[in-house]
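These notes are about the structure you will find just below.
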Amino acid sequence: MRGPGSVIVFDDATKMTEFVIREWERASCEAIRQRGFFAVALSGGRTPVPLYLGLAARRDIGPWDKTHVFLVDERFVPATDADSNYRMIRERLLEAVDIPASNVHPVPTGLPDAESAAKKYEEILTSFFGLSDGELPVFDIILLGLGTDGHTASLFPGSRALQEKGRLVDSAVLGNARHNRITLTFPVINSARNVLFLVTGKEKAEVLREVAEERNTALPASAVAPGRGRLLFLADPDAASRLSAGLRRMP
């Protein structure tokens, strides 16, 4: 059973980065022409690091003064912590480009707990996008990863947030072994104009097949299905190795 979205397979990380940068430029130009600003939600982890470094090296990309950067999810740690998604994105990308500080919207993890941070981040989204009750923010690009357990953002199997329909942002309590999280919810992700999964490594081959091809509803990432936007799974050959040949296409 083929799910929504397209799978594009790249020979290496460089070609994947070049493709996403072209998508970034296209979406940015369109958004700024139509709405006056370009809004993206970025993910942490190791997989997007080459992309962030590639964007940082492209001094001609932008305009950064009309680009607004949000986070898909965050660990409930200080912004200076080694596990902070915001710290990684700041060090790999934001410090290298001429983006105004007011255009960067990190999750406020300095609050007493993850639930308070989730509520405050929802207020930030509501204010920035000028939302009325019941409205959803529409990001131009949301960048996602895919965990071997099928999670994406901080939407983990069994999480309360999987069933959330009304909130824009939710918290996830993961126990003593892992940091608590703050995450965008599925209604927000599925309202985006472009949703891009970056998936690399042989250990992701089976979960990518189950999400992109089988649409296994037991896996949270299978619930990503933008109503009016594009969904792309961008994979390296190892991650795509278990997909049916007819599902894969080269850029």
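Details
- Residues that are over 16 Å from Ala223 (Cβ atoms), of a type outside the set (D, E, K, R) and either modelled with pLDDT under 95 or in a loop (DSSP other than H, G, I, E, B) (or both), drawn from the range 187-205: Thr200, Gly201
- Residue in the range 89-111 that is surrounded by the fewest Cβ atoms within 10 Å (Cβ to Cβ), counting only those that are in a loop (DSSP other than H, G, I, E, B) and within 18 Å of the chain's Cα centre (by Cα): Pro108
- Every residue from the range 116-131 that is over 20 Å from the mean Cα position of the chain (by Cα), assigned to a helix (DSSP H, G or I) and surrounded by 14 or more Cβ atoms within 10 Å (Cβ to Cβ): Ser116
- Residue check for Leu93: within 30 Å of Arg33 (Cβ to Cβ), at pLDDT 95 or above and among the aliphatic types (A, V, I, L, M): yes
- Taking the range 58-69 as the range and being without any contact (Cβ under 8 Å) to a residue 12 or more places away in the chain and within 16 Å of Ile89 (Cβ to Cβ) as the test, no residue passes.
Matching residues to (1) under 12 Å from Val7 (Cβ atoms); (2) under 16 Å from the mean Cα position of the chain (by Cα):
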residue	(1), (2)
Asn190	no, yes
Glu210	no, no
Ala225	no, yes
Phe233	yes, yes
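- Yes/no for Thr126 being touching a helix residue (DSSP H, G or I) at 6+ places or on another chain (Cβ under 7 Å) and modelled with pLDDT of 95 or more: no
- Residue list for the range 24-46, restricted to those being hydroxyl-bearing (Ser, Thr, Tyr) and either free of Cβ contacts under 8 Å to residues at least 40 places away in the same chain or in a loop (DSSP other than H, G, I, E, B) (or both): Ser43
- Of residues in the range 60-81 being part of a loop (DSSP other than H, G, I, E, B) and among the hydrophobic types (A, V, I, L, M, F, W, C), the one nearest to Ala96 (Cα to Cα): Ile61
- Restricting the range 191-224 to residues that are farther than 21 Å from Pro48 by Cα and either in contact with a helix residue (DSSP H, G or I) (Cβ under 7 Å, 6 or more places away or on another chain) or of a type in the set (Gly, Ala, Ser) (or both), the residue that is surrounded by the fewest Cβ atoms within 10 Å (Cβ to Cβ) is Ala218.
The values are calculated or read from the model by the stated rules, or taken from the named source; none is laboratory data. Treat the numbers as computed from the prediction; the structure is a model and nothing was measured. Every residue, glycine among them, receives a Cβ derived from its backbone with ideal geometry; neighbour counts consider all protein chains shown.
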